[in-house]
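Working notes, beginning with the structure itself.
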Ligand code: G1P
C-alpha cells in the first residue's frame, strides 16, 4: 500500500496562510540573445508588461504580499521601485492614467532583491532565500511560465494545498517530445485534476519519464525543502535542482500535482513569447482585428 491509498489530514502548520514567494530570474536567457546581453529575460515584454510583472501579479492575486526576486547583477527588483519624478512628469503632462499605473506597480507587493552570483541552478537560487522565508511555507514562481486563466495559477496551487496539505506543484500535459526538457511527475489521480505524486524526475529521457505531466513553474512548498536543498549536489544538467529536493521531501511529505486550468505559454523560448503576445493582443479589439487581417493576408 502506498501513501496515496490513505490521504492524510491537513496539519495545523500546513493550514498557515502563505504570504511569501520566491521568484528566481538569474538565468542567462541564451534563447533570447542578443537582447539578453544587457536586458534580463524577466524584463522582456509580452506586449506592454515585462514577464516579471505577470509573475508578481499571479502571486499577488493569490494573496502573496512579500516577494524575493533572486537575480544576478542586473536589477530586475528595481523595476518595482517607486519613481516619483516620472510620476510627477506624467501628471504634469496630463497623463494621470500612466502615473497611476506607475504607482500600482510599486505598490503591488514588498519586493526584496537577493543576488545569485553563481549560476548553480534553480535549487541553489531558492536556497538563497532561506533567511527571507524563515520557517514558513512559501510559493515559488518561475516567470518564464506564463499561466493565464480565470484564477491565478498560484491561487489554484494554494487551493489544493489548503485542501490536502503537503507540497503542491502546478503541472500540465506536455508533448512526449518535450519531456526531456522539463521536470516530470507521475502518480494516481485523487481528483480529475489532482495527482498524488509518487514519482518525480528532472528532465528524464523520454523512455524513463513516468508520464507526460510537466512541472510548470508554480510550487507551494514547506520550509523543510531548504534542509534538503542544502545537502544536494549537482543533479540534471550539472545544476542543483529544486525537483531533487522535493523528491527528498517525499520521504516525509505528501506531494500533489494540480493540472491548472490556465492557458500556458513557455516564454522561455521565442515561440512561447510570441504565443503569449498574441494572446494578450487578442484581448484588445483593435489589435485583435490586426491579427485577423494579417492572418487573412497570409
Ligand atoms: C525548471 C524546472 C523544471 C520545470 C521547468 C518549467 O527547469 O527545473 O522542473 O519543468 O523549470 O519551465 P528550467 O526550465 O529552469 O531548466
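The values are calculated or read from the model by the stated rules, or taken from the named source; none is laboratory data. Bear in mind that the values here come from a model prediction, so they are computed numbers and not experimental data. Cβ atoms come from the backbone with ideal geometry, glycine included; neighbour counts cover every protein chain shown.
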* Structure fact -> Condition set closer than 23 Å to residue 137 by Cβ and crowded, with 18+ Cβ neighbours inside 10 Å, scope the range 195-212, selection nearest to the ligand (Cβ to nearest atom): answer is 202
* For the range 35-143, please list each of the strands (runs of 3 or more DSSP E) lying entirely inside it that holds at least 1 residues being within 16 Å of the ligand (Cβ to nearest atom) and either more than 21 Å from the chain's Cα centre (by Cα) or within 27 Å of residue 264 (Cα to Cα) (or both). => 66-71, 138-141
* Asked: Could you say which residue among 209, 196, 236, 170 is within 20 Å of the chain's Cα centre (by Cα) and either at pLDDT 95 or above or under 19 Å from residue 17 (Cβ atoms) (or both)?
  -> 170
* Asked: Which of the following residues is over 26 Å from residue 252 (Cβ atoms) and without any contact (Cβ under 8 Å) to a residue 24 or more places away in the chain: 181, 174?
  -> 181
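Can you pull out every residue in the range 144-188 that is assigned to a helix (DSSP H, G or I), away from the ligand (no atom under 13 Å from the Cβ) and more than 19 Å from residue 59 (Cβ to Cβ)? Before you say what the answer is, go through the steps one by one.
Kept after step one, since they are assigned to a helix (DSSP H, G or I), are these residues of the range 144-188: 153-164, 176-181.
Among the residues that remain, those that are also away from the ligand (no atom under 13 Å from the Cβ) are: 154-164, 176-177.
Hits for the range 144-188 are 163, 164, 176, 177.
So which residues in the range 19-32 are modelled with pLDDT of 95 or more and assigned to a loop (DSSP other than H, G, I, E, B)? Give the derivation first.
So in the range 19-32, the residues modelled with pLDDT of 95 or more come out as 19-25.
Across the range 19-32, the qualifying residues are 19, 25.
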* To do: Select from the range 20-34 the residues that are away from the ligand (no atom under 16 Å from the Cβ) and in contact with a strand residue (DSSP E or B) (Cβ under 6 Å, 6 or more places away or on another chain) and list them in ascending order.
  => 20
* Asked: Of the residues that sit in the range 232-255 and are within 11 Å of the ligand (Cβ to nearest atom) and in a loop (DSSP other than H, G, I, E, B), which one is surrounded by the fewest Cβ atoms within 10 Å (Cβ to Cβ)?
  -> 239
